Every structure is written in C-alpha cells, then in structure tokens.
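The values are calculated or read from the model by the stated rules, or taken from the named source; none is laboratory data. What you see is a predicted model, and the numbers here were worked out from it, not measured in a lab. When we count neighbours, we look across all protein chains shown, and the Cβ atoms used for this are built from the backbone with ideal geometry, even at glycine.
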Amino acid sequence: MNEPVRLQFDDFSIDDEIAALRAVSRRIGGIATFLGCVRDFSEGREVTQIGFDAHEVMALCELQTLRAQAIERFALIEARIVHRLGAVSAGENIVLIAAAAEHRAPALEACRWLIDELKARAPIWKKEITPDGDAWVAPHP
Amino acid sequence: MIRALFFGPVAERVGARQIALDFRPGLRWQDVRDELRARHPEAFALVSIVAVDGRRVADAEAEADAVPLADDAEIVFMSAFSGG
C-alpha cells in the first residue's frame, strides 16, 4: 500500500487511491475528491506542460501536517494527498486530494480546505511551458 | 558552513540551487539574506518566505527573529508558493 501522502514524478491512479481509502474502514459514508489537472490554455497562451519544483522534504512534511490537521478538524476517517513533480503535460493529473468521512459534508469541506491550504502552505512552484517560452506562475487565491 | 537553498523562480534567477557560505559565530539568517541579496537582487526581489533548518522563521523582511545560526545550518529563501 502506498503512503497516504506522497510527492511523485509518475502519474497516480485515482482508482487505487480510492481503493486505499475504502480499505481503511467500512464506516466511511462519503469520499470527496479534488483532482487538479493541467489546462492547455492559460491567460491567452497555449500551455503544453507545467513543470513543478519543490523543496521535497519541507513539502512532504507540510502535506503530512495538513492531512493530520484535516483529519482532526473535520473528523475524517482517512485522507490522502498525492502531488506530482517534474514536467506534467496538458491534460494530465497534477494533484489528488481525497477525504473520507462518515457523512458527505465533512468530506466535501475537508477537500476544499485541503487544496486551499496546500496552495498556501506547501513549498511547491509551477512553471507554465508554452510554445512562446516558459513562465513561473504567480500564486492564485 | 552555511547552506543557502533556492527553488523554482528564485533558483532560476540565482542560477543555482545552492550556495555555501562560511560560518561565523553570531551570524543570523538576516545577515545571510543581506549578503546574498546584494549579489542576486533580482532573485531576492521574489523572496517572501524563509526557512531555517526546515522551519519557517518569519516574513522575509521581519527583523525580530534574530536567533544566531548554528554551523551547518540550512536556510531556504523562497518565493510565494504556487503548487496544486
């Protein structure tokens, strides 16, 4: 079984992540997910890839902290966070957040909270790679 | 020895992911920032987050957190994050 929080260069399987969540408990009544993908267009430009750089040690530690905080804050049964690094092509997966709870509301709320906090707190940076050149992406609220 | 680390847009502007500096007693992270900012002003214009030995210390411009560095300390100068 993969770790519930990971940074990895390869793609991930959503089915495998959900299966790992479901294996934790039969008390789960709802699983909410957020899947971030690479858009092929941004601010008027074609985007072919996004390159992700990270302070891997700090980022992994921060994501593990986020998971623990979300489990406590929303009374989750389990949560998983997987974020890719390196070059990710348009249309591919970037990040998966999956939150499992007894009921749908905390699962959905936790999912939203986790992606917002990840963007604010995890030392990860992305660069859009376009036919006209590359540009680091400014943080979005 | 003090290691300064850079990632993403800051690393690109510095032209390196790591710079080693000599340790001296009483050295603060702010001293390291000032020295490196003078050498790489365009890179440090992006820096808004600083971590020492894996722990965020303060806003990069704050002067209150003036704890001297240990030898072999690792300082990370980072721009605002944009993952996800």
Qualifying residue in the stretch A:3-10 (condition: farther than 23 Å from B:Arg56 by Cβ and of a type in the set (A, V, I, L, M)): no
The one condition in (1) without any contact (Cβ under 8 Å) to a residue 24 or more places away in the chain; (2) more than 15 Å from the chain's Cα centre (by Cα); (3) closer than 22 Å to A:Arg121 by Cβ that A:Gly44 fails to fulfil: (3)
All positions within the stretch A:79-106 that are of a type in the set (Lys, Arg) and within 12 Å of A:Val38 (Cα to Cα): A:Arg84
Condition broken by A:Ala70, with the remaining ones in (1) over 18 Å from A:Phe12 (Cα atoms); (2) within 13 Å of the chain's Cα centre (by Cα) satisfied: (2)
Near pairs, Cβ below 7 angstrom, 6+ apart or cross-chain, from the stretch A:47-65 (in a strand (DSSP E or B)) to any residue that is modelled with pLDDT under 95 and among the aliphatic types (A, V, I, L, M): none
Identity of the residue in the stretch A:54-78, in contact with a helix residue (DSSP H, G or I) (Cβ under 6 Å, 6 or more places away or on another chain) and of a type outside the set (A, V, I, L, M, F, W, C), that ends up nearest to A:Phe34 (Cα to Cα): A:Glu78
Number of positions in the stretch A:54-68 that are surrounded by 17 or more Cβ atoms within 10 Å (Cβ to Cβ) and in contact with a Pro (Cβ under 9 Å, 6 or more places away or on another chain): 6
Residue satisfying condition, being surrounded by fewer than 19 Cβ atoms within 10 Å (Cβ to Cβ) and modelled with pLDDT of 95 or more, within set B:Ala38, B:Ala62: B:Ala38
Residues (more than 7 Å from chain B (Cβ to nearest Cβ) and closer than 18 Å to A:Glu56 by Cα) located in the stretch A:122-139: A:Lys127
Selection count, the stretch A:15-46, where residues are under 21 Å from A:Leu85 (Cα atoms), among the hydrophobic types (A, V, I, L, M, F, W, C) and part of a loop (DSSP other than H, G, I, E, B): 1
Long-range neighbours under 6 Å by Cβ, at least six apart or interchain, first residue of a type in the set (Ser, Thr, Tyr) within the stretch B:68-84, second surrounded by fewer than 24 Cβ atoms within 10 Å (Cβ to Cβ) and assigned to a loop (DSSP other than H, G, I, E, B): B:Ser79/B:Leu46; B:Ser82/A:Val137; B:Ser82/A:Pro139
Unmet criterion (only one of (1) within 14 Å of chain A (Cβ to nearest Cβ); (2) of a type in the set (A, V, I, L, M, F, W, C); (3) assigned to a loop (DSSP other than H, G, I, E, B)) for B:Ala51: (3)
Single match in A:Ile81, A:Ile94 (criterion: part of a strand (DSSP E or B), under 23 Å from B:Arg55 (Cβ atoms) and not aromatic (Phe, Trp, Tyr)): A:Ile81
